[in-house]
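Here's the structure we're looking at; comments come further down.
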Amino acid sequence: MLHHKGLKKANVLVTEGYQVGTRVNEPSLILDANQLAIEYRFYADSRPEKIDWKLLNHDQAMKDIYSIHKIIKKLYKNRWCATGISKGGTTCILYQLSYPKMLDATISYVGPFPNAQEDKRTITHYTSKIGTEECRKKIKDFQIQILNNRKDLILELDSLAYNENTSFPIGVNKVIDYAAAEYPFSFWQWGFSCDEIPQNGSSAEEIFNHVEEIVDFNYYDEKQCAQFLPAYYQFMTEYGYYGFDTTGISHLLSHKNLTNLTFCPKDAALHYDGTYMKEMTRKAERKIKNTILIYGENDTWTACALEPRKTANVLKYVKSGGGHRTRIRNLNSNEKNQIYSSLQKWMKVKTVAL
């Protein structure tokens, strides 16, 4: 997806982690730049009719990006800044490490570098590092409310499925289990506050609507499950992901041993090999340059943030109280000005303040 501003303008490469988007991203606005967004392999229109799953890996994806980028660069010859959000934020760092001569700057938003199939740092993050004891108890109490209202919530799910002409491949009982287990991860990821959690004794409708807002029950419907098969395959075989803390709720689950392997393709070998990600994490923390890293303090994925060595050409910002939607526009004036100044230096253009 190309947004053209002019051949004499700077250029922004958006490395998507999933399907390509149509929005103009912050770096393109700041740099008044052309924007080229590249879809990650095996998503949406880049998905072959039959997937050879072993070809879905970061190394192949970097080669995809490079093969497109090098052609476009022949026409758009000015400086290039790579950027991406979440898995795309990881991807732009991996691309810089794989093809350093192709870029002049990189802006990674909330890009995690997990170190295991189920990275335990995420659970430590939301059980002991963020929020207050009172808030964490309120979250646990609400998880219990979800499970104690299973029968009424299943009726709500059945109604949702009927109204939207969809179904839940894992079954509605499992949907309730997974939604309850997922709740604390998503709560902190998306930046909700504890005063938004329904009180004990809330109606099934109130509970359902709150879970729908934070976790989104459609995440488990047939369309979303099919759409995210490539994501789960890569999460659970190479990229890494997270698991669930069922402390205090396990006795209420209808299915034990909840795992995101449930959402992986059934026709794929699911052996996890973290060698690539561990090596790239090590390289990133020593070798990235002309790079801006943006994270939100509360975001569960910040538990897997890069910890680069301190140099003048690597800037890392962690927004106090921020979630997974943290962007440059959310930072304070001094931080924004540091970013603008660095981009002017690296990209050799004037910047536009957000």
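The values are calculated or read from the model by the stated rules, or taken from the named source; none is laboratory data. Bear in mind the structure is a predicted one, so any value in this text is a computation, not a measurement. When we count neighbours, we look across all protein chains shown, and the Cβ atoms used for this are built from the backbone with ideal geometry, even at glycine.
Residue by residue, here is whether (1) in contact (Cβ under 8 Å) with a residue 40 or more places away in the chain; (2) out of contact with any strand residue (DSSP E or B) (no Cβ under 6 Å at 6 or more places or on another chain) holds:
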position: 255; (1), (2): yes, yes
position: 305; (1), (2): yes, no
position: 310; (1), (2): no, yes
position: 341; (1), (2): no, yes
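When residue 119 is tested against the conditions (1) part of a helix (DSSP H, G or I); (2) in contact with a Gly (Cβ under 9 Å, 6 or more places away or on another chain); (3) closer than 16 Å to residue 243 by Cα, the lone failure is (1).
Listed by first and then second residue, the pairs with beta-carbon distance under 8 Å, at least 6 apart or on different chains, first residue in the range 128-146 and more than 18 Å from residue 297 (Cβ to Cβ), second of a type in the set (Phe, Trp, Tyr) and part of a helix (DSSP H, G or I), are 142/183; 143/183; 146/183. Per the conditions (1) over 22 Å from the mean Cα position of the chain (by Cα); (2) crowded, with 17+ Cβ neighbours inside 10 Å; (3) assigned to a loop (DSSP other than H, G, I, E, B), the sole criterion not satisfied by residue 266 is (2).
There is at least one residue in the range 191-198 that is within 28 Å of residue 120 (Cα to Cα), modelled with pLDDT of 95 or more, aliphatic (A, V, I, L, M) and in the same structural domain as residue 126 (by TED's automatic domain parsing). Evaluation of residue 207 against the conditions (1) over 27 Å from residue 19 (Cβ atoms); (2) under 21 Å from the mean Cα position of the chain (by Cα); (3) surrounded by 18 or more Cβ atoms within 10 Å (Cβ to Cβ) shows that the sole unmet condition is (2). When residue 127 is tested against the conditions (1) surrounded by fewer than 24 Cβ atoms within 10 Å (Cβ to Cβ); (2) in contact with a strand residue (DSSP E or B) (Cβ under 8 Å, 6 or more places away or on another chain); (3) among the β-branched types (Val, Ile, Thr), the lone failure is (2). Scanning the range 61-87 for residues that are closer than 17 Å to residue 2 by Cα and buried (at least 21 other Cβ atoms within 10 Å of the Cβ), we see that the one that is farthest from the chain's Cα centre (by Cα) is 76.
Does residue 313 satisfy the condition of being at pLDDT below 95 and surrounded by fewer than 16 Cβ atoms within 10 Å (Cβ to Cβ)? Criteria not met by residue 313. Out of the residues in the range 1-34 that are of a type in the set (S, T, N, Q) and either at pLDDT below 95 or touching a strand residue (DSSP E or B) at 6+ places or on another chain (Cβ under 6 Å) (or both), state the one that is surrounded by the most Cβ atoms within 10 Å (Cβ to Cβ). It comes out as 15. Among the residues of the range 172-230, just one is touching a Leu at 6+ places or on another chain (Cβ under 6 Å) and either assigned to a loop (DSSP other than H, G, I, E, B) or among the charged types (D, E, K, R) (or both), namely 177. What number of residues within the range 31-67 are of a type in the set (Asp, Glu) and in contact with a Pro (Cβ under 9 Å, 6 or more places away or on another chain)? Qualifying residue count, the range 31-67: 0. Pairs, please: C-beta under 9 Å, at least 6 apart or cross-chain, first residue among the charged types (D, E, K, R) and in the range 262-274, second modelled with pLDDT of 95 or more and surrounded by 11 or more Cβ atoms within 10 Å (Cβ to Cβ)? Short answer, once both residue conditions are applied: 267/53; 273/237; 273/238.
Selection of helices (runs of 4 or more DSSP H) fully inside the range 6-104 by the criterion of at least 3 residues being farther than 25 Å from residue 276 by Cβ, free of Cβ contacts under 8 Å to residues at least 60 places away in the same chain and not small (Gly, Ala, Ser) returns nothing.
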